[in-house]
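Student: The structure follows.
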Amino acid sequence: MTGSPPQALLLDIEGTTTAISFVSDVLFPFARQRMARALAGSLPESPLADAVAVLRREWEQDPALREAIPAFGDGAACALALMDQDRKSTGLKAIQGILWEEGYRSGALLAHVFDDVPPALRRWRDRGARIWVFSSGSVLAQQLLFGHTELGDLRPLLEGYFDTTTGPKQESGSYARIAQEIGLPAPALLFLSDVPAELDAARDAGMQTGLLERPGNAPVGAIDHPRYRGFDAILP
């Protein structure tokens, strides 16, 4: 870490606080298995219908997507196609969050976080640092994950959440908007992620950065961001 100690931390989830395998092997299949039935039975003026409306607008604005999925229908085919492409679709993420909510509430889902996450969050809070999350998953999905972890409810340790409604994670403007909303200059924030392109965007906005090298993460070659194998070395 370079520069002054950060006043706040901004955390990615997948590959940073949580194993990539939990998202790819647990959360995504859970949503996929329930997608068609849930969208076919969605009620008008429900949160799920609102999420489908966002997805429809994305489909209408994307010629390539309309070519692949000529008829939107109830949105299930579009949502599944976007999942296959690993697209960071705001509408898709909102739908997934609603499906995961059912799983967390029923006890069918319990979220993974690395063992060093809860003590680090408490340590950072004790040092006066404030903590936010920025993920491509919806705010609802983020709140559910941190509220239903194997290591307890971590939401009291977090100040808030940002998702792609703020902007793409690989664009510097997104981080500038986050800093403005938090009310701190960008250099006072430390962004932690496993994705170099996200770290580049955050640095371009003026933030401090750190790459997480967690088990299961893709190897990263030469970069000019500090590297961490976990949270223990960050604001120790």
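The values are calculated or read from the model by the stated rules, or taken from the named source; none is laboratory data. The structure displayed is predicted, hence computed values, not measured ones. Because the Cβ atoms are built from the backbone with ideal geometry, glycine has one as well, and the counts that use them run over all protein chains shown.
Student: Please specify each residue of segment 101-113 satisfying the condition of being in a loop (DSSP other than H, G, I, E, B) and either crowded, with 17+ Cβ neighbours inside 10 Å or touching an Asp or Glu at 6+ places or on another chain (Cβ under 6 Å) (or both). Walk me through it before giving the result.
Tutor: Quick first cut of segment 101-113, residues in a loop (DSSP other than H, G, I, E, B) only: 107-110, 112-113.
Result: 109, 110, 112, 113.
Student: Of all residues in segment 193-231, count the ones that are part of a loop (DSSP other than H, G, I, E, B) and out of contact with any helix residue (DSSP H, G or I) (no Cβ under 7 Å at 6 or more places or on another chain). Outline the logic, then answer.
Tutor: Looking only at segment 193-231, we keep the residues that are part of a loop (DSSP other than H, G, I, E, B), and these are 194-195, 205-207, 213-226, 229-231.
Applying the additional criterion that residues be out of contact with any helix residue (DSSP H, G or I) (no Cβ under 7 Å at 6 or more places or on another chain) yields 194-195, 213-215, 218-219, 221-222, 224, 226, 229-230.
Residues that pass the stated criteria total 13.
Student: Hey, can you tell me all the residues within segment 62-75 that are at pLDDT 95 or above and under 25 Å from the mean Cα position of the chain (by Cα)?
Tutor: Result: 75, single match.
Student: Sticking with this structure for a sec: Residue check, residue 119 against (1) under 24 Å from residue 5 (Cβ atoms); (2) part of a loop (DSSP other than H, G, I, E, B), all met but one. Which one?
Tutor: With respect to (1) under 24 Å from residue 5 (Cβ atoms); (2) part of a loop (DSSP other than H, G, I, E, B), residue 119 is out only on (2).
Student: Restrict the check to segment 88-105 and report whether at least one residue is without any contact (Cβ under 8 Å) to a residue 40 or more places away in the chain and within 16 Å of residue 145 (Cβ to Cβ).
Tutor: Yes, that holds for at least one residue.
Student: Kindly indicate whether residue 86 is of a type in the set (Asp, Glu) and touching a Ser or Thr at 6+ places or on another chain (Cβ under 9 Å).
Tutor: It is false that residue 86 is of a type in the set (Asp, Glu) and touching a Ser or Thr at 6+ places or on another chain (Cβ under 9 Å).
Student: Shifting gears a bit: Let me spell it out: the conditions are (1) touching a residue at least 60 places away in the same chain (Cβ under 8 Å); (2) among the basic types (Lys, Arg); (3) within 25 Å of residue 123 (Cβ to Cβ), and residue 169 meets all of them except one. Which number is the exception?
Tutor: (3)
Student: Going residue by residue through segment 127-136, is there one that turns out to be surrounded by fewer than 19 Cβ atoms within 10 Å (Cβ to Cβ), free of Cβ contacts under 8 Å to residues at least 40 places away in the same chain and not in a helix (DSSP H, G or I)?
Tutor: No, because not a single residue in segment 127-136 is surrounded by fewer than 19 Cβ atoms within 10 Å (Cβ to Cβ), free of Cβ contacts under 8 Å to residues at least 40 places away in the same chain and not in a helix (DSSP H, G or I).
Student: A further question on this structure: Just to be sure I understand, how many residues within segment 189-236 are more than 19 Å from residue 135 (Cα to Cα) and among the charged types (D, E, K, R)?
Tutor: 4
Student: What pairs come up if the first residue lies in segment 62-77 and is assigned by TED's automatic domain parsing to the domain that holds residue 46, the second is at pLDDT 95 or above and aromatic (Phe, Trp, Tyr), and their beta carbons are under 6 Å apart, counting only those six or more places apart or on different chains?
Tutor: Going by the 6 Å Cβ cut-off, the qualifying pairs are 65/59; 72/59.
Student: Considering segment 49-100 alone, what residues qualify as being among the charged types (D, E, K, R), crowded, with 19+ Cβ neighbours inside 10 Å and more than 20 Å from residue 170 (Cβ to Cβ)? Steps first, answer last, please.
Tutor: Filtering segment 49-100 for residues among the charged types (D, E, K, R) gives 50, 56-58, 60, 62, 66-67, 74, 84, 86-88, 93.
Imposing the further condition that a residue be crowded, with 19+ Cβ neighbours inside 10 Å reduces the set to 93.
If the condition is that a residue be among the charged types (D, E, K, R), crowded, with 19+ Cβ neighbours inside 10 Å and more than 20 Å from residue 170 (Cβ to Cβ), then no residue fits.
Student: Take the residues in segment 197-209 that are out of contact with any Ser or Thr (no Cβ under 8 Å at 6 or more places or on another chain) and surrounded by 20 or more Cβ atoms within 10 Å (Cβ to Cβ), then tell me which one is farthest from residue 185 (Cα to Cα).
Tutor: The residue in question is 198.
Student: Looking at (1) among the aliphatic types (A, V, I, L, M); (2) part of a loop (DSSP other than H, G, I, E, B); (3) assigned by TED's automatic domain parsing to the domain that holds residue 13, which one does residue 190 not meet, given that it meets all the others?
Tutor: (2)
Student: Restricting to segment 142-175, and then to whatever is among the β-branched types (Val, Ile, Thr) and buried (at least 16 other Cβ atoms within 10 Å of the Cβ), can you tell me which residue is nearest to the chain's Cα centre (by Cα)? Give the derivation first.
Tutor: Filtering segment 142-175 for residues among the β-branched types (Val, Ile, Thr) gives 149, 164-166.
Next cut, buried (at least 16 other Cβ atoms within 10 Å of the Cβ) only: 149, 164, 166.
Values: 149: 15, 164: 8, 166: 12 Å.
The residue in question is 164.
Student: Right, here's the next one. Would you check if residue 152 is assigned by TED's automatic domain parsing to the domain that holds residue 38, among the small types (Gly, Ala, Ser) and more than 29 Å from residue 184 (Cα to Cα)?
Tutor: no
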